[in-house]
Each structure stands twice: as C-alpha cells, then as structure tokens.
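Enquirer: Input: one structure, supplied below.
The values are calculated or read from the model by the stated rules, or taken from the named source; none is laboratory data. These numbers were taken from a predicted model, which means no experiment stands behind them. Counting neighbours? That spans all protein chains shown, and the Cβs are built from the backbone with ideal geometry, glycine included. Quick note on the areas: whole protein, heavy atoms, side chains included, nothing else; ligands and nucleic acids left out. Shrake-Rupley method; radii C 1.70, N 1.55, O 1.52, S 1.80 Å.
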Amino acid sequence: NAGVTQTPKFRILKIGQSMTLQCAQDMNHNYMYWYRQDPGMGLKLIYYSVGAGITDKGEVPNGYNVSRSTTEDFPLRLELAAPSQTSVYFCASMGGRNQPQHFGDGTRLSIL
Amino acid sequence: QKEVEQDPGPLSVPEGAIVSLNCTYSNSAFQYFMWYRQYSRKGPELLMYTYSSGNKEDGRFTAQVDKSSKYISLFIRDSQPSDSATYLCALLQGAQKLVFGQGTRLTINP
C-alpha cells in the first residue's frame, strides 16, 4: 500500500526560484492537507482541500499556492522562494469527516 | 494563548518506565483527539484516536481525555527504546482541520 507519496524527498533552492512539491494518494480520500514543520515545532497548516476543485487557506498560506484538479493529487507551489520557507513539508489525506489524517514522509526544503 | 499547549521536553526515561505525555487546550469545540508518533525524518503516524472523555487502551498505550479540564494524556507502559520518537497531540476542529501541539521529544534509555 503506497498511501501518501511525496516527491521530492529533498531539495535545495536558491532565493527567488520556484518549485512544485508533489503529493499523491491512492486511498481515494477527498480531504487533503499541506503542512510545514519547523525545528522543534508542531505542524502548521498551509492549505487544504475538501475535494477536487476546492481549496482553502490554512494558518500560514502566504508565499504558497495549491491546486486540486484530481482526487489523487494535491501539488504545492512555491513562488519566489525565501529563506523563511526553509522547512519540512508534509502532505496528508483523510478519508471522511472526523477521521484521522494519514501523512507522507515529507519533503525537506532548504532555501539558500 | 495557543489553542493547544504541549511541553516540548525533551523527556528522557529508562527502559521499562511508565511515560506520561500531556496536552492542554483552550477551545471546547475540539471533539476529536489524536496522538501521533513521529520518528526522525519520517511523517507522523497515528497512534491513538478518541472522541470521548475517559480512557482508551491499545496494548502498552493508553489515551486519556478529560473534556471538563481540557486536558489529554498519553501513557506508555513498559517503555521500550523503540518508543523513542516525538509525540504530537492533535485535535480536530469541526472545519476538519487538525491543530497540533508542539510535540514532545521522548528518549527511552536501554
């Protein structure tokens, strides 16, 4: 069972570059989420989606964009990367209301 | 005031000890409570999930919820070195968004 798959696992970007973090799930889950985790901190919600074509902002959306054209995929776009976006990014999916979320293994991103 | 407060530790105990991890929260709207375990360089994995006050047991793990005090706990009995990880409490809002505690880094010493 693949579950939630995130690519790439690691990436180094220069300030001002752009990139897309990929997230795919094979559990036919409607709900998908993007979080960032900074050292010694919990997870903060960036964006989330309750189904294909529907996205909404979380706690820390500035500098990021998302799209949800299919149930399976939920890519996160960074435009004009900044050092403050250095973090570990986690994608998660949830099968239905009030259910636990299932996480991928993260993408470690450094902006230099 | 943060919505969810969790002591970040670090917490270090000898193998076989009983471990107690705790979170407090301020919003009584939270109705679902989870504990996630996160190993180094891995994503969080669900450990316990509960939605009512009281205790829920699963092997060596017990989750306790006290909604009147807005306090949740995770107990680990007969702790093992493989339990060394960061433990995150997570509370679910009606809008289907999880709010996480800061995480407690736990080390079990052989």
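Enquirer: Given B:S52, B:S28, B:S40, B:S12, which one is away from chain A (no Cβ under 13 Å) and without any contact (Cβ under 8 Å) to a residue 60 or more places away in the chain?
Expert: Result: B:S28 is the single residue among B:S52, B:S28, B:S40, B:S12 that is away from chain A (no Cβ under 13 Å) and without any contact (Cβ under 8 Å) to a residue 60 or more places away in the chain.
Enquirer: Any idea which of (1) open to solvent by less than 60 Å² (accessible area, probe 1.4 Å); (2) more than 20 Å from A:G58 (Cα to Cα); (3) in contact (Cβ under 8 Å) with a residue 12 or more places away in the chain; (4) of a type outside the set (V, I, T) is the one B:G59 doesn't satisfy?
Expert: Going through the list (1) open to solvent by less than 60 Å² (accessible area, probe 1.4 Å); (2) more than 20 Å from A:G58 (Cα to Cα); (3) in contact (Cβ under 8 Å) with a residue 12 or more places away in the chain; (4) of a type outside the set (V, I, T), B:G59 breaks only (3).
Enquirer: Of all residues in the range B:1-22 being closer than 20 Å to B:Q96 by Cα and not aliphatic (A, V, I, L, M), which is surrounded by the fewest Cβ atoms within 10 Å (Cβ to Cβ)?
Expert: B:K2
Enquirer: When both residues are 6+ apart or on different chains and their Cβ atoms are under 8 Å apart, which pairs have a first residue that lies in the range A:99-112 and is more than 12 Å from A:Y31 (Cα to Cα) and facing chain B (nearest Cβ under 7 Å), and a second that is open to solvent by 30 Å² or more (accessible area, probe 1.4 Å) and in a loop (DSSP other than H, G, I, E, B)?
Expert: Listed by first residue and then by second, the contacts come to A:D105/A:K9; A:D105/B:R41; A:D105/B:K42; A:G106/A:K9; A:G106/B:R41; A:G106/B:K42.
Enquirer: With the condition being under 14 Å from the mean Cα position of the chain (by Cα) and closer than 28 Å to A:T7 by Cα, I'd like the strands (runs of 3 or more DSSP E) fully within chain B carrying at least 1 qualifying residues.
Expert: Output list reads B:32-38, B:45-50, B:85-92, B:98-100, B:104-109.
Enquirer: Inspect the range A:68-86 for any residue being within 8 Å of another protein chain (Cβ to nearest Cβ), open to solvent by 50 Å² or more (accessible area, probe 1.4 Å) and without any contact (Cβ under 8 Å) to a residue 24 or more places away in the chain and give the result as yes or no.
Expert: Checked against the condition, which is being within 8 Å of another protein chain (Cβ to nearest Cβ), open to solvent by 50 Å² or more (accessible area, probe 1.4 Å) and without any contact (Cβ under 8 Å) to a residue 24 or more places away in the chain, the range A:68-86 yields no hits at all.
Enquirer: Here is a list: A:N30, A:N62. Which entry is free of Cβ contacts under 8 Å to residues at least 12 places away in the same chain, over 15 Å from A:R108 (Cβ atoms) and out of contact with any helix residue (DSSP H, G or I) (no Cβ under 7 Å at 6 or more places or on another chain)?
Expert: A:N62
Enquirer: Looking at (1) away from chain A (no Cβ under 14 Å); (2) without any contact (Cβ under 8 Å) to a residue 12 or more places away in the chain; (3) more than 14 Å from B:M34 (Cα to Cα), can you tell me which one B:Q64 breaks?
Expert: (3)
Enquirer: Then there is this: What do you reckon, is B:A90 buried (at least 17 other Cβ atoms within 10 Å of the Cβ) and within 14 Å of another protein chain (Cβ to nearest Cβ)?
Expert: Answer is yes for this residue.
Enquirer: For residues that are of a type outside the set (D, E, K, R) and surrounded by fewer than 22 Cβ atoms within 10 Å (Cβ to Cβ), scanning just the range B:77-87, find the one that is nearest to the other protein chains (Cβ to nearest Cβ).
Expert: Result: B:A85.
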